[in-house]
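The values are calculated or read from the model by the stated rules, or taken from the named source; none is laboratory data. Keep in mind the model is a prediction, meaning the values are calculated, not measured. Virtual Cβ from ideal backbone geometry, glycine too; neighbours counted across all protein chains shown. The area values use the complete protein model at the heavy-atom level, side chains included, leaving out ligands, DNA and RNA. Shrake-Rupley method; radii C 1.70, N 1.55, O 1.52, S 1.80 Å.
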Amino acid sequence: MCFQKIERMKGELHLLDAEGKQRNKHTFFVDSKNEVETFDLANHLNVPPELLDRVYNRPTLQTLETKSIKGAVEPGSIKKLARERKHQYRILSQRIDREKKMFIISQKIQTRKDLQEKTKKVKVKKETANSAAIYKFESRRKR
């Protein structure tokens, strides 16, 4: 149940500007050192300089001239949307952490149930905060 909600939230948010995510690297090739010094990213990508820091939805100058902008335009509403998106990412990360903890707890409970069986067992690995204890059970033929 919880896993489905996590997947749905991931689908909605797309993890576009998630913190801790590895930054994309884009290499531009130029012919001379003079071009390196005079290289203008906004001019090369045909994008307004204000939109360069965006990772997503970066319209070109031609698109901005020909089409009208839909959605939030005022700085206040853009900040509000950014704050809401950050809040949604925080909720998603909390859900993911909770899901991991629940999985570990369920593993520990299952190990305790398995230990109640009357077969020989040898502890292979101790229980930690991040994982349940690992036991090796003697194989027994079922009749």
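About the Cα centre of the range 20-143, what is the dipole size in debye to 20, counting +1 per Lys and Arg Cβ and -1 per Asp and Glu Cβ, all else neutral?
Rounded to the nearest 20 debye, it is 2080 debye.
How far is helix 75-115 tilted off the main Cα axis of the chain, in degrees rounded to 10, range 0 to 90?
20
Within the chain, what's the longest stretch lacking chymotrypsin sites (Phe, Trp or Tyr not before Pro) that sit in DSSP loops with no more than 12 other Cβ atoms inside 10 Å?
By the stated rule (loop sites, at most 12 other Cβ atoms within 10 Å), 57-143.
Quick check for you: with a 1.4 Å probe and neighbouring chains kept, what is the accessible area per residue of the chain, in Å²?
It amounts to 91 Å² per residue over the chain.
By how many degrees, between 0 and 90 and to the nearest 10, does the Cα long axis of helix 2-13 differ from the longest principal axis of the chain?
10
How charged is the neighbourhood of VAL122? Take every other residue with its Cβ under 12 Å from the Cβ of VAL122, and add Lys/Arg as +1 and Asp/Glu as -1.
Residues close to VAL122 contribute a combined charge of +4.
Provide the three semi-axes, in whole Å and in decreasing order, of the ellipsoid equivalent to the chain as defined by the square roots of 5 times the Cα gyration tensor eigenvalues.
Over the Cα atoms of the chain, the semi-axes work out to 53, 22, 12 Å.
Please state the shape class of the range 65-143: rounded when a/c is under 1.5, otherwise prolate if a/b exceeds b/c and oblate if not, all from the C-alpha gyration tensor. If you can, show how the numbers build up before the last one.
Values: a/c = 5.92, a/b = 4.04, b/c = 1.47.
Prolate, since a/c reaches 1.5 and a/b exceeds b/c.
What's the longest uninterrupted piece of the chain once you rule out the GluC sites (Glu not before Pro) that are loop residues per DSSP with at most 11 other Cβ within 10 Å?
That would be 20-116.
Just list whichever of LYS5/LYS79; LYS10/LYS86; LYS101/LYS123; LYS80/LYS101; LYS5/LYS100; LYS5/LYS101 have alpha carbons separated by over 20 Å in the model shown.
LYS5/LYS79; LYS101/LYS123; LYS80/LYS101
With the contact rule set at Cα under 8 Å and sequence spacing of 6 or more, what percent relative contact order holds for the range 66-143?
Here the relative contact order equals 21 percent.
I want to check the label-to-label distance for LYS79 and ARG95. Put each point 7 Å from Cα in the C-beta direction and report it in nm to one decimal.
Inter-label distance under the simple model: 2.8 nm.
Using a 1.4 Å probe on the protein heavy atoms, what percent of the accessible area of the chain belongs to carbon and sulfur?
Of all accessible area on the chain, carbon and sulfur atoms account for 52 percent.
For the range 47-123, which trypsin sites (Lys or Arg not before Pro) pass both filters: DSSP loop (anything but H, G, I, E, B) and at most 14 other C-beta atoms within 10 Å?
Working: sites: ARG54, LYS67, LYS70, LYS79, LYS80, ARG83, ARG85, LYS86, ARG90, ARG95, ARG98, LYS100, LYS101, LYS108, ARG112, LYS113, LYS118, LYS120, LYS121, LYS123; in loops: ARG54, LYS67, LYS70, LYS118, LYS120.
Those satisfying the criteria are ARG54, LYS67, LYS70, LYS118, LYS120.
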